[in-house]
Amino acid sequence: MHLKKLVLLTPSLETGGLQKSLSILANYFAETGRVKVHLVLYGISKEIFYTLNPEVVVHVPSFRFNRKARLYHTIKTMFFVRNRIKALNPDSVLSYGEYWNSFVLMSLLGLNYPVYISDRCQPDKSLGWVQNWLRRLLYPRATGIISQTTTAREIYKKMIHHSNIAVIGNPIQEAMFSKNNEKENIILAIGRLIPSKHHDQLIDIFLSCYRPGWKLVIVGGDVAYGNMFNMLMEKIIALNADDKIELAGNISNVDDYYRKSRIFAFTSSSEGFPNVIGEAMAAGLPVIAYDCVAGPSDMIDDGINGFLIPLFNQEMFAEKLSLLINDQQLQKQMGESAILSIRKYSPELVGKQYLDFLFSKKAPDVDSRY
């Protein structure tokens, strides 16, 4: 049987939601036996954090990116991407990552390959005037665009004017936990320590409805050049809450926290498709989240498997959090609903949607094959 050839393009596979979802998809594609999967990592870091199926062929540049000669090495990387695609001669190409899709499209200008792109951020988020301009110029040339939510698709339709936009969420792996797992009175939050996650608000919310014996655990570390960990720790100490709130930092086994927690809290205001919400739901946790522009509302059915809170309404957030803290039966009921509802994002279902779209005959109104 002739295998179709699929090339996945992304800057790196370091730790992160984008990287995790792409690694899950790459593994699923390889396991189907329907396609030969090539993964091109063209960014500065060559580190691969997530385990890949041995059948996934990884390609990286042979040269080191020198920041002191950024322009030269950027152009050199563009030619690496272009020449590798020409050498592989794929049936389909998928670029993964909003800041990099324009780079890939530019690198492949003039080549006759179907190129699909997937944006991963909040759809109406400005990436800066240069990136915004490049998106409007280059995105219409893509064969197809994959958006993560229905809201994102409507925004892209107006912004990009593309006729071939699919809505496909991220793959969420089923949690492999025993039904006899010992639960602790933990409210869990997971996310990079950046301002848009609003962990400072979550600390205030938790303390406003604190019940003895409960604990807030925030998993995640600083980004490059960030100092949010120290700022949050100073706030916790100033509030005399270091015995009630734990900053766990970056940890390798997040599943342990999903397993033993009772509630998942999410105060982010900017998302594309928050993997951690899906992972928490798969682990049977009710989720309370701000209803930001895209993401949470696609997964959370308000009042059924969790609660959606109007953006920055801390009073309502605290009210719903207190309701869950004080009602273990409601926790269990919503958690069971969460497990059932998140199954539509299983790697098998999401992976099939990707393959169907990437190898479909449908094309947009514009000549997308350059």
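The values are calculated or read from the model by the stated rules, or taken from the named source; none is laboratory data. A quick note: this is a predicted structure, and the numbers were derived from the prediction, not measured. FYI the Cβ positions are ideal-geometry reconstructions off the backbone, even for glycines, and counts take in every protein chain you see.
Before moving on, here are some points about what is shown:
- Test: residue in the stretch 30-52 that is aromatic (F, W, Y), surrounded by fewer than 15 Cβ atoms within 10 Å (Cβ to Cβ) and out of contact with any helix residue (DSSP H, G or I) (no Cβ under 6 Å at 6 or more places or on another chain): yes
For every residue, the table says whether it meets (1) part of a loop (DSSP other than H, G, I, E, B); (2) out of contact with any Asp or Glu (no Cβ under 8 Å at 6 or more places or on another chain); (3) more than 17 Å from N101 (Cα to Cα).
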position: T15; (1), (2), (3): yes, yes, yes
position: L18; (1), (2), (3): no, yes, no
position: I24; (1), (2), (3): no, yes, yes
position: L39; (1), (2), (3): no, yes, no
position: I44; (1), (2), (3): yes, yes, no
position: N53; (1), (2), (3): yes, no, yes
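- Selection from the stretch 203-243 of residues that are in contact with a Gly (Cβ under 7 Å, 6 or more places away or on another chain) and not in a loop (DSSP other than H, G, I, E, B): F229
- Residues that are β-branched (V, I, T) and closer than 19 Å to V104 by Cβ within the stretch 49-84 comprise V56, V57, V58, V60, T74, I75, T77, V81, listed in sequence order.
- Residue count, the stretch 244-283 (criterion: at pLDDT below 95, in a loop (DSSP other than H, G, I, E, B) and farther than 25 Å from V167 by Cβ): 5
- Of the residues making up the stretch 105-134, those that are charged (D, E, K, R) and in contact with a helix residue (DSSP H, G or I) (Cβ under 6 Å, 6 or more places away or on another chain) are D119, R120, D124.
- Every pair of residues 6+ apart whose Cβ atoms lie under 7 Å, when the first sits in the stretch 213-233 and is touching a residue at least 40 places away in the same chain (Cβ under 8 Å) while the second is surrounded by 14 or more Cβ atoms within 10 Å (Cβ to Cβ) and in a loop (DSSP other than H, G, I, E, B): W214/N185; L216/K244
- Odd one out for N164, checked against (1) in the same structural domain as D291 (by TED's automatic domain parsing); (2) in contact (Cβ under 8 Å) with a residue 60 or more places away in the chain: (1)
- Pairing residues of the stretch 62-80 that are surrounded by 11 or more Cβ atoms within 10 Å (Cβ to Cβ) with residues that are hydroxyl-bearing (S, T, Y) and assigned to a loop (DSSP other than H, G, I, E, B), at Cβ distances under 7 Å and at least 6 apart in sequence or on separate chains, gives T77/Y42; F80/Y42.
- Residues that are within 23 Å of the chain's Cα centre (by Cα), in a loop (DSSP other than H, G, I, E, B) and among the β-branched types (V, I, T) do occur in the stretch 184-202, at least one of them.
- Taking the stretch 185-203 as the range and being closer than 19 Å to A238 by Cβ, at pLDDT 95 or above and surrounded by 18 or more Cβ atoms within 10 Å (Cβ to Cβ) as the test, the residues that pass are H198, H199, L202, I203.
- Counting the residues of the stretch 146-161 that are in a loop (DSSP other than H, G, I, E, B) and either hydrophobic (A, V, I, L, M, F, W, C) or without any contact (Cβ under 8 Å) to a residue 40 or more places away in the chain (or both) gives 1.
- Sub-9 Å Cβ pairs linking a first residue in the stretch 85-106 that is assigned by TED's automatic domain parsing to the domain that holds L137 and assigned to a helix (DSSP H, G or I) to a second residue that is among the charged types (D, E, K, R) and surrounded by fewer than 18 Cβ atoms within 10 Å (Cβ to Cβ), at least 6 apart or interchain, are L88/K5; E98/K125, ordered by first then second residue.
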